[in-house]
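This report refers to the structure that appears directly beneath it.
The values are calculated or read from the model by the stated rules, or taken from the named source; none is laboratory data. Quick caveat: nothing in here was measured; it's all calculated off a predicted structure. Note: ideal-geometry Cβ built from the backbone for every residue, glycine included; neighbour counts use all protein chains shown.
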């Protein structure tokens with residue numbers, strides 16, 4: 001953040017806090033849009049800092065990163081959302097992706113398929129044996145369909161490279 005912008009931000013916050021003015025009125029005095037002044041004040045109340053939070057950023061929480069990597073190694077089929085919930089991770093899903101990537105993990109599409117029961121395996125082998133002489137050029141398969149129940153597209157899992 002530029003020194004000048006930080007100085008104006010500090011003044012707007014000070015005028016709003018100490019002067020008893022609303023954030024939008026304090027912003028108007030310095031030519032700052034109302035929405036920006038309100039956002040600055042809201043962030044100040046939330047974080048207690050005028051500028052950006054210094055503790056955020058890649059590698060800033062080594063213990064949290066270690067827990068993230070340990071959980072991804074323990075359960076390689078975990079997706080970002082599960083990791084975020086399990087670890088009470090405060091960052092965004094994109095942060096999880098970048099931290100796992102930095103730790104040597106790679107995102108892959110999860111293969112979702114049901115395992116065959118013993119009975120299904122018997123039918124699986126019996127069907128082709130009983131239909132060797134069938135004229136397959138006259139068969140139409142109608143039970144095949146492709147659909148996705150994922151809201152955000154394909155599900156990604158993280159595995160070591």
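Structural remarks
- Only one of 26, 60 that is buried (at least 16 other Cβ atoms within 10 Å of the Cβ), closer than 30 Å to residue 12 by Cβ and either touching a helix residue (DSSP H, G or I) at 6+ places or on another chain (Cβ under 7 Å) or modelled with pLDDT under 80 (or both): 26
- Criterion violated by residue 141 - all others in (1) in contact with a helix residue (DSSP H, G or I) (Cβ under 7 Å, 6 or more places away or on another chain); (2) farther than 18 Å from residue 67 by Cβ; (3) assigned to a loop (DSSP other than H, G, I, E, B) satisfied: (1)
- Residue 38 being modelled with pLDDT of 85 or more and assigned to a helix (DSSP H, G or I): yes
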